[in-house]
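The values are calculated or read from the model by the stated rules, or taken from the named source; none is laboratory data. Bear in mind the structure is a predicted one, so any value in this text is a computation, not a measurement. Cβ: placed from backbone, ideal geometry, glycine included. Neighbour counts: every protein chain shown. Surface accessibility is based on the protein's heavy atoms, side chains included, excluding ligands, DNA and RNA. Shrake-Rupley method; radii C 1.70, N 1.55, O 1.52, S 1.80 Å.
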Amino acid sequence: MENSIVEEAWQALEKAIIYYYDRPIGTLAARDPNLEALNYDQCFIRDFVSSALVFLIKGQPEIVRNFLIETLRMQIKERQLDFLEPGRGLMPASFKVIVENDYQYLQPDFGDRAIGRVTPVDSCLWWIMILRAYVKATGDIELAHQDEFQRGIRLILELCLVARFDIYPTLLVPDGASMIDRRMGTNGHPLEIQSLFYAALRAANELLLDNKVNQFIIQGVKNRLGPLTEHIRKHYWLDMERLNDIYHYKGEEYGEHALNQFNIYSDSIPYAWLTEWLPERGGYLAGNLGPSQLDCRFFTVGNLMAIISSLASPRQSQAIMELIEQRFDDLIGYMPMKICFPALEDRDWKLVTGCDPKNRPWSYHNGGNWPVLIWMLAAASLKTGRIELISHAIEIAKRRLSADRWAEYYDGKNGRLVGKEARKYQTWTIAGFLLAQELLANPEHLKLISFEPDEITNRA
């Protein structure tokens, strides 16, 4: 039974491969024969991450190399005279192969065609991590050291590090700039982007040549890593001890020695829910932080990537996994795993999402369950030694994924319903399942995406 499911998944993944002049360059987002394609017939950078890792593990690096080369060519390289155009260094959210007679070309989407018209901040960050994974899997450091790749990395880091209206070490972004690409109240400094930003900085630090051209950027990376780590670990962290501190905060404090640095009002924190939901030994990184804002929702990508990248300390990593284990029914349920918890409901849903019917409570981004997240859960579980947790989660996924034709997402508080508008044969659902299996079978593959604590993060 198990072998047949894995074989089915492999066949489905191979059918999703996109070719450009007979060269494999990526995978379709989905192949649902019963729904209009919309933009699901494109290759998304964030979607391709799990596929890329699977191809690298299985000794098929050509598709990943081609993907990296072609997406780099699509990067915005020059400053635009029209300031309504995307910023220099930006990577597309997705691209599509257009065929006209015997001529083929790639059409990128920088958010100008997307629902909500939001630029994809996470694409640049994921691209650097795919490049690092490719180098680690193949040993082909020469590709990363080519002038165009070095310039591509520099442009991404310039976009993230140099020009900004901010005083925090985190990255300021609009709503919908990551996997949650619709309005969900994540504008500002959402955890998902900060975790990916940190991982991309660590990856760039490994990939950039130590030369005069890169000197300014390398120094910028080193200067940012320490403050970013300390800021996230200190100000985003939530456990019972931290919750007690916030409960007694005084507002309207002024000066550099203020305890309540973000002027968070105690009444804005959902203590009644948190004091019951937080396990005694568990904790997690809050979803967002800003002026008078502490978003206490649990966001899965940000927390799991914080573990995988070592942005979270070893103690915090264990506490996050303890929370997931203790709140298994809430966060994993009948299909690993929930993208955020709890869902926005009633008036909050109306105000925050703009009455988005796709993001109604316990659906899609608003508390839906996403099978692709199982690979991140696997990586975080292996890194923290929680093997039983991921083994259990994979067994749950096996029972339904094939029967449900590899659905995009699941609805309901416990993830029992196939998503109301979920695509079937969703590629990152397929690749995420295969990747989780491969990681569990051989934890050595974790090195492709994981980072060990370094001197800077150990001091923070």
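Summed over region 256-309, the residues that are over 15 Å from the mean Cα position of the chain (by Cα), among the aromatic types (Phe, Trp, Tyr) and surrounded by 18 or more Cβ atoms within 10 Å (Cβ to Cβ) give a count of 1. Scanning region 88-115 for residues that are open to solvent by 60 Å² or more (accessible area, probe 1.4 Å) and assigned to a loop (DSSP other than H, G, I, E, B) yields a total of 6.
Filter region 2-32 down to residues that are in a loop (DSSP other than H, G, I, E, B) and in contact (Cβ under 8 Å) with a residue 24 or more places away in the chain and give me whichever is surrounded by the most Cβ atoms within 10 Å (Cβ to Cβ).
Going through region 2-32, the residues in a loop (DSSP other than H, G, I, E, B) turn out to be 16, 21-22, 28-29, 31-32.
Still in the running and in contact (Cβ under 8 Å) with a residue 24 or more places away in the chain: 16, 21, 28-29, 31-32.
Numbers: 16: 22, 21: 7, 28: 22, 29: 25, 31: 19, 32: 18.
Filtering region 2-32 for residues that are in a loop (DSSP other than H, G, I, E, B) and in contact (Cβ under 8 Å) with a residue 24 or more places away in the chain, the one surrounded by the most Cβ atoms within 10 Å (Cβ to Cβ) comes out as 29.
Among the numbered conditions (1) over 13 Å from residue 426 (Cβ atoms); (2) under 18 Å from the mean Cα position of the chain (by Cα), the only one that residue 55 does not meet is (2).
Could you check how many residues of region 377-388 are open to solvent by 10 Å² or more (accessible area, probe 1.4 Å) and in contact with a Ser or Thr (Cβ under 7 Å, 6 or more places away or on another chain)?
Total satisfying the criteria: 3.
Taking every residue in region 156-167 that is at pLDDT below 90 and pairing it with any residue that is assigned to a loop (DSSP other than H, G, I, E, B) and open to solvent by 40 Å² or more (accessible area, probe 1.4 Å), at least 6 positions away or on another chain, the pairs with Cβ-Cβ distances below 6 Å are 166/172.
Checked against (1) within 25 Å of residue 308 (Cβ to Cβ); (2) in contact with a Gly (Cβ under 8 Å, 6 or more places away or on another chain); (3) open to solvent by less than 10 Å² (accessible area, probe 1.4 Å), residue 364 meets all criteria but (3). Among residues of region 193-224 being in contact (Cβ under 8 Å) with a residue 60 or more places away in the chain and part of a loop (DSSP other than H, G, I, E, B), the one that is most open to solvent (accessible area, probe 1.4 Å) is 213. Of the residues that make up region 174-192, is at least one in contact (Cβ under 8 Å) with a residue 40 or more places away in the chain, part of a helix (DSSP H, G or I), open to solvent by less than 70 Å² (accessible area, probe 1.4 Å) and under 29 Å from residue 137 (Cβ atoms)? Scanning region 174-192, I find at least one residue that is in contact (Cβ under 8 Å) with a residue 40 or more places away in the chain, part of a helix (DSSP H, G or I), open to solvent by less than 70 Å² (accessible area, probe 1.4 Å) and under 29 Å from residue 137 (Cβ atoms), so the answer is yes.
Filter region 393-408 down to residues that are free of Cβ contacts under 8 Å to residues at least 60 places away in the same chain and closer than 27 Å to residue 319 by Cα and give me whichever is most open to solvent (accessible area, probe 1.4 Å). Here the answer is 395.
For residue 354, the conditions (1) surrounded by 18 or more Cβ atoms within 10 Å (Cβ to Cβ); (2) under 30 Å from residue 28 (Cβ atoms); (3) among the small types (Gly, Ala, Ser) all hold with the exception of (1). How many residues does region 310-321 hold that are touching a residue at least 24 places away in the same chain (Cβ under 8 Å), more than 14 Å from residue 236 (Cα to Cα) and surrounded by fewer than 21 Cβ atoms within 10 Å (Cβ to Cβ)? Going through region 310-321 one residue at a time, the tally reaches 2.
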